[in-house]
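The values are calculated or read from the model by the stated rules, or taken from the named source; none is laboratory data. Since this is a predicted model, take the numbers as computed values, not measurements. Quick reminder, even Gly has a Cβ in these numbers, built from the backbone with ideal geometry, and neighbours come from all protein chains shown. Surface areas here come from the heavy atoms of the whole protein model, side chains and all, with no ligands, DNA or RNA. Shrake-Rupley method; radii C 1.70, N 1.55, O 1.52, S 1.80 Å.
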Amino acid sequence: MKEKQEELIKTAREVREKAHAPFSKFKVGAAVLTKDGEVFSGCNVESASYGLTVCAERVAIWKAISEGINEFTHIAVVVDTKRLTPPCGTCRQIIWEFCGDIPVTLANLDGDVETMQMRELLPRAFDNKFLKSNKVS
Ligand code: THU
């Protein structure tokens, strides 16, 4: 776990350099670990039409999904902020839906690291279980 966490942080740190963030200048790197021990990375990619921007976490997950992988065990996010930056609300929803209650490691360039569970970041989450029950008609 510790070794894999280190690998995730290193990968997220490296891919962060590739962030396309000309508008916010806020570079984010993410790396997600698959059940088979593979690592997929992603950086944020911004659009001049700001709302089309995609966060690093989702890029990493979409890359894995598009390669046919859909079982994940850990995700790391690296940002150059003093206060460790957690995933945004949209990414929390996507991480929950595609990865479940996995550990989320936040790190910065100073070497600060903190790990928490997804259920702490998104309590009482909405997911597909609700679509299958509580039907009115
Ligand atoms: N960003 C991420 O990549 N992940 C997050 O969870 C928070 C926000 C990006 C989106 C945008 O490119 C920049 O950070 C500023 O919001």
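The GluC sites (Glu not before Pro) found in region 15-111 that occupy coil by DSSP, while having at most 16 further C-beta atoms within 10 Å, are 17, 38, 67, 71. Applying the criteria of a DSSP loop state and at most 13 other Cβ atoms within 10 Å to the trypsin sites (Lys or Arg not before Pro) of region 1-96 yields 25, 35, 82, 83. Alpha-carbon geometry of the chain: the Rg and the Dmax are 15.1, 55 Å, given in that order. Take the solvent-accessible surface of the protein heavy atoms, probe 1.4 Å, and return the percent of it on region 47-117 that carbon and sulfur atoms account for. It is 51 percent, rounded to a whole number. Pairs spanning more than 31 Å between alpha-carbon atoms, out of 2/63; 25/132; 27/129; 2/82; 35/132; 4/132: 25/132; 27/129; 4/132.
For region 2-125, the relative contact order is 22 percent, taking Cα pairs closer than 8 Å that sit 6 or more residues apart in sequence and dividing their mean separation by the residue count.
The calculated 222 nm mean residue ellipticity attributable to helices in the chain amounts to -9000 deg cm²/dmol, summing -39500 (n - 2.57) over DSSP H runs of n ≥ 4 and dividing by all residues.
For region 2-125, what does the accessible surface come to per residue with a 1.4 Å probe? Please give it in Å². Mind dumping the intermediate values first?
Numbers: 6580 Å² over 124 residues.
I get 53 Å² per residue for this part.
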